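Have a look at the structure below, then the notes.
Just so you know, all these numbers are worked out from the coordinates, no wet-lab data involved. What you see is a predicted model, and the numbers here were worked out from it, not measured in a lab. Cβ atoms come from the backbone with ideal geometry, glycine included; neighbour counts cover every protein chain shown.
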Amino acid sequence: MSDPAAGPILWVTFSTPDLAASLAAFAALGLPCTAPAPLPEELATLWGAPHLAGRDWASVGAAPGALRLIAHAGAAHPLASLGWAAAELSVTD
């Protein structure tokens, strides 16, 4: 039997207008967070989002199922990027 065409979701990417506040909220839940760092141009291009190069990003948790948070206040464009999964976070203000 061959390997399946698709495996488990390894990462889910979210944009956030306030990366520091987002990381603080996940850390308060006890989830491990990496320190923010600029997104390398090569990685942004690999993701099909070269316009995000240089923006700060960080990860929460560990793959499989980890989150990538990218500092970006721009509008999202559903169904306009690579990937086959959708994710939703519900929060209370």
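Taking amide hydrogens as placed 1.01 Å from N in the peptide plane, the amide H of Ala53 sits under 5 Å from that of no residue at least 5 positions away in sequence or on another chain. Taken one residue at a time, the phi angles of the range 18-27 give Karplus couplings (6.51, -1.76, 1.60, θ = phi - 60°) of 9, 4, 4, 5, 5, 5, 4, 5, 5, 5 Hz. Gly and Pro are set to x. A straight line joining the Cα centroids of the range 5-37 and the range 43-62 runs 12 Å. The Cα atoms of the range 4-65 cover 35, 31, 16 Å along the three principal axes, with the biggest extent listed first. Count Lys and Arg as plus one, Asp and Glu as minus one, and take only other residues whose Cβ is under 15 Å from that of Gly54; the net charge is then -2.
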